[in-house]
Every structure is written in C-alpha cells, then in structure tokens.
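Colleague: The following block contains the structure, expressed as structure tokens.
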Amino acid sequence: MARPKNTPEKIERMRNSMMDAVISLLDQVPPDKVSIRMIAEKVGVSHMVFYTYFKDRDEIMDVLVEREKNRINEHFAGKLRETQTVPTKKVMEELILEYTQTAREHPKIFRLFWLDPVEGATTHSEKFSQLDDSLTSLGKILKAGMDKGEFKKKDERLAASTVMAIINGPIIMEQCKKMPQDIKCEELLEQITRAIFAYLET
C-alpha cells in the first residue's frame with residue numbers, strides 16, 4: 001500500500017517543529033554543535049526523515065533565520081501600529097522589557113545575534129548578525145515618538161542604534177560574567193531604561 005503523501009500543511013508543520021527544536025537546542029549547546037541527529041531526536045523522528053523536509057543543516061538554519069526575522073519584523077510592525085493610539089514611551093517600555101527578558105531566557109540565541117564574530121562565519125551566522133531590519137523598524141517607532149513630541153528630534157537610525165547599544169550593555173556583561181558581584185542585572189536594566197528615556201527626551 002502506497003504511503004500517503006504529506007499535505008503542504010503537514011510539511012509546513014513539521015518544518016516548523018524542526019526549527020522550534022533548533023531553538024530549544026540552542027539553549028543547551030552552541031550553534032555549531034546542533035546536529036541533524038539532535039534535531040530529529042528532539043522532534044521524535046529518524047534522522048533520515050529530516051532530509052524529507054530540509055536539504056541539510058545549513059538550510060534549516062537559513063530558513064530558521066528568515067522565519068525569526070519575519071516574526072521580529074511583524075512584532076515591530078504591531079508595536080508601530082500601537083503608537084497611533086498608545087503613548088510611544090509606553091510602547092518602548094514594553095519593547096525593552098520583552099527584549100531583555102527574551103535575551104536573558106535564551107542566552108545562546110542572543111549570543112548568535114550579537115556576540116558571534118561575523119568574519120569567516122557561515123551564511124546563517126552572517127544573517128543573524130545583520131540586524132538592519134530591526135534597527136530600521138525600531139527607528140520608525142522612535143520617529144513616531146518624535147513626531148508626537150514625546151521624544152526630541154534625532155536621526156532615527158542613530159537613535160535606534162544608540163538605544164540597542166544601551167540595552168545590550170548589561171546583558172552582555174551578565175552573559176560574559178563581567179557583572180560586578182554587588183550589582184544585580186535587574187537593577188542595572190532598570191537604570192539603563194531610565195537612561196534610554198533621558199537620551200530620547202533631551
């Protein structure tokens with residue numbers, strides 16, 4: 001009896017399950033240690049089944065990057081729409097909280113974005129390191145605040161880059177184990193949130 005063909009919906013569901021498995025594995029091992037066998041085991045299928053859905057390890061990483069970039073862009077677009085009815089400062093407070101929580105809950109994914117060297121990196125690492133879309137989207141949110149008079153007029157791309165640099169400081173210190181023992185990351189994040197709005201409002 002012939003094996004029933006997978007529908008496009010089933011294929012998409014399995015591909016997403018495998019990509020979700022990669023994200024889960026990134027919380028346990030470095031990106032270059034994630035293997036096809038580990039992905040298949042996480043999903044509960046034979047490693048040979050993997051090749052029904054992806055050509056190789058590089059392809060799943062590339063597709064995963066594109067999926068996550070699209071999700072980030074959709075999230076930013078939603079936040080930008082919120083600025084039409086909600087104070088931009090409140091939208092930014094929520095974004096900062098979401099970003100810092102995600103970065104601390106998934107440190108290896110954060111490292112893939114910000115700390116892995118780009119030079120000599122594979123295609124998917126290079127894509128992860130290029131955050132122009134996110135900076136552009138953040139810049140649009142900041143510009144909305146500037147247009148409403150909540151923030152002082154600035155070059156929005158420079159402002160977005162400055163905000164990201166301020167946010168990332170405490171997270172990088174924590175992940176690189178450079179945080180002073182007498183200072184908690186939560187306390188520092190609270191201070192840098194104030195610093196961000198002081199920068200945006202003056």
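Since every read-out is calculated from the coordinates, none of them should be taken as a lab result. Quantities reported herein were computed from a predicted structural model and do not represent experimental measurements. Here the Cβ is made from the backbone with ideal geometry for all residues, glycine too, and neighbour counts use every protein chain on show.
Colleague: From the set of residues in region 17-27 that are surrounded by fewer than 18 Cβ atoms within 10 Å (Cβ to Cβ) and touching a residue at least 24 places away in the same chain (Cβ under 8 Å), which is nearest to Ala103 (Cα to Cα)? Spell out the reasoning first.
Modeller: Residues of region 17-27 that are surrounded by fewer than 18 Cβ atoms within 10 Å (Cβ to Cβ), as a first pass: 17, 20, 23-24, 27.
After this cut, where a residue has to be touching a residue at least 24 places away in the same chain (Cβ under 8 Å) as well, the list is 17, 23, 27.
Numbers: Ser17: 22, Ile23: 13, Asp27: 11 Å.
Filtering first and then ranking leaves Asp27.
Colleague: Working only within region 76-102, note down all residues that are within 13 Å of Ser134 (Cβ to Cβ) and surrounded by 15 or more Cβ atoms within 10 Å (Cβ to Cβ).
Modeller: Phe76, Lys79, Leu80, Leu95, Tyr99
Colleague: Is there any pair linking a residue in region 60-71 that is over 14 Å from Ala21 (Cα atoms) to one that is surrounded by 15 or more Cβ atoms within 10 Å (Cβ to Cβ) and of a type in the set (Ser, Thr, Tyr), with Cβ under 9 Å and at least six apart or on different chains, and which?
Modeller: Once the first residue is over 14 Å from Ala21 (Cα atoms) and sits in region 60-71, its partners that are surrounded by 15 or more Cβ atoms within 10 Å (Cβ to Cβ) and of a type in the set (Ser, Thr, Tyr) give Lys69/Ser134.
Colleague: Let me ask you something else. Considering Lys42, Lys79, which residue is under 30 Å from Gly145 (Cβ atoms), part of a helix (DSSP H, G or I) and touching a Leu at 6+ places or on another chain (Cβ under 7 Å)?
Modeller: Working: Lys42 fails: under 30 Å from Gly145 (Cβ atoms).
Result: Lys79 is the single residue among Lys42, Lys79 that is under 30 Å from Gly145 (Cβ atoms), part of a helix (DSSP H, G or I) and touching a Leu at 6+ places or on another chain (Cβ under 7 Å).
Colleague: Just checking, does region 39-51 include any residue being touching a Ser or Thr at 6+ places or on another chain (Cβ under 9 Å), crowded, with 16+ Cβ neighbours inside 10 Å, among the charged types (D, E, K, R) and under 19 Å from Ile109 (Cβ atoms)?
Modeller: There is at least one residue in region 39-51 that is touching a Ser or Thr at 6+ places or on another chain (Cβ under 9 Å), crowded, with 16+ Cβ neighbours inside 10 Å, among the charged types (D, E, K, R) and under 19 Å from Ile109 (Cβ atoms).
Colleague: Can you tell me which residue is nearest to the chain's Cα centre (by Cα) among those in region 153-192 that are surrounded by 15 or more Cβ atoms within 10 Å (Cβ to Cβ) and among the basic types (Lys, Arg)?
Modeller: Here the residue is Arg157.
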